[in-house]
Every structure is written in C-alpha cells, then in structure tokens.
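> If you scroll down you'll find the structure; I have some questions about it.
Each value in this text was obtained by applying a stated rule to the coordinates, not by laboratory testing. Note that this is a predicted model, so its numbers are computed, not measured. Positions of Cβ are backbone-derived with ideal geometry, glycine not excepted, and every protein chain shown enters the neighbour counts.
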Amino acid sequence: MKPYQKILLWTPRILFIIAILFISLFAFDAFSPERNFWQNTAALLMHLLPSFVLVALLVVAWKRQLIGGILITVLGLVATPVLFNLNSPRHSTFGETLGIILMLTLPFIITGILFIVSHYVNRRHKSGEPQS
C-alpha cells in the first residue's frame, strides 16, 4: 500500500472520530445542580444519543467504506437545512447562522466524501488496475 493510500485510508476515520468527540462535547450541558445523580446520568445519556448513532455509522464506514461514506455524506447534507431552520429564528445574523451550521455539518460531509474516495482508491489498488 502506497503512503498516499494509507493517508487516504486513515484520514476519514480520524476526522470522523474527532467530529464525534466534538458533537459529544455538547452533551455536557445536560448537567444541572438541581438534579440528582441519576437524573443527570439519564440526561447525559439522552444528550449522547446522537453520538451513539455516529459511532454506529463509524463502524459501518470502517467495514464498508462506500456505504458508510454515502450515509455520512447524506447525514451531513440532510442535517444542514434542518439545523438552519432550528437556528434561524434566533437573534443571529445570516452569517452567524451559516457559520454555526457549517461548523457542525461540514466535517461530516467532508469525511463522508473522503470515505467514498478511499473506497475507490483502495478498490483500484486491490484489483491491480494501473494508476493514472
């Protein structure tokens, strides 16, 4: 395996893990001093549900790069207008709203595309086709 193929193999995996960790940070707002331990634990688990779904997508993408890449890209593309509609009624400018949306969804779109590209590059390498 050539060095660029190793980089292309591991880059989407590492980026997706970082993106999952970033999304997981938002779960820490579930803690409240007014709640007891079990209520805080339940709230934390509820806030971590999106992260659990993303970890499941990571497992799929790790095993099947093409399917996982398509699912991750579609997730990022579908989440963009949904998050925009949820965020636009607030008192923020269009630029601020767009920045927030891109910060949350662009890593998933890029990672999904990288998984797809990695699939095709590795498939070409395995089949022995000449590199152009």
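> Using Cα atoms only, what is the angle between the long axis of helix 37-47 and the major principal axis of the chain, expressed in degrees (0 to 90) to the nearest 10?
40 degrees
> Could you give the C-alpha radius of gyration of the stretch 3-126 expressed as a fraction of 2.2 N^0.38 Å, taking N as the number of residues it contains?
Rg over 2.2 N^0.38 Å, computed on Cα atoms: 1.24.
> Which residues in the stretch 96-117 have a backbone N closer than 12 Å to a point placed 7 Å from the Cα of Leu86 along the Cα-to-Cβ line?
In the stretch 96-117, the label zone of Leu86 (backbone N under 12 Å from the point 7 Å along Cα→Cβ) covers 101, 104-105.
> If you add up the charges near Arg13, with Lys and Arg at +1 and Asp and Glu at -1, over every other residue whose beta carbon is less than 12 angstrom from its beta carbon, what do you get?
Every neighbour counted, the sum reads +2.
> I'd like the orientation of helix 3-25 relative to the chain: the angle between its Cα long axis and the longest Cα principal axis, in ° from 0 to 90, rounded to 10.
Helix 3-25 and the main axis of the chain meet at about 10 degrees.
> With +1 on each Lys and Arg Cβ and -1 on each Asp and Glu Cβ, and nothing else charged, work out how big the dipole of the chain is about its Cα centre, in Debye to the nearest 20.
Here the size comes out at about 680 debye.
> Normalized C-alpha radius of gyration of the stretch 60-123, against 2.2 N^0.38 Å?
Ratio of Rg to 2.2 N^0.38 Å for the stretch 60-123: 1.33.
> Another question, if that's okay. What angle, in degrees between 0 and 90 and rounded to the nearest 10, separates the Cα long axis of helix 94-127 from the longest principal axis of the Cα atoms of the chain?
30 degrees
> I'd like to compare 80-87, 105-112: which one has the highest average count of other Cβ atoms within 10 Å, and what's the full order after that?
Put in order of decreasing packing, that is 105-112, 80-87.
> Once you keep just the Cα pairs under 8 angstrom separated by 6 or more residues, what percentage relative contact order results for the stretch 1-97?
Averaging sequence separation for qualifying contacts and normalising by length gives 19 percent for the stretch 1-97.
> Ranking request for peptides 24-34, 58-68: highest mean number of other beta-carbon atoms within 10 Å first, then the rest in descending order.
The packing order, highest mean first, is 58-68, 24-34.
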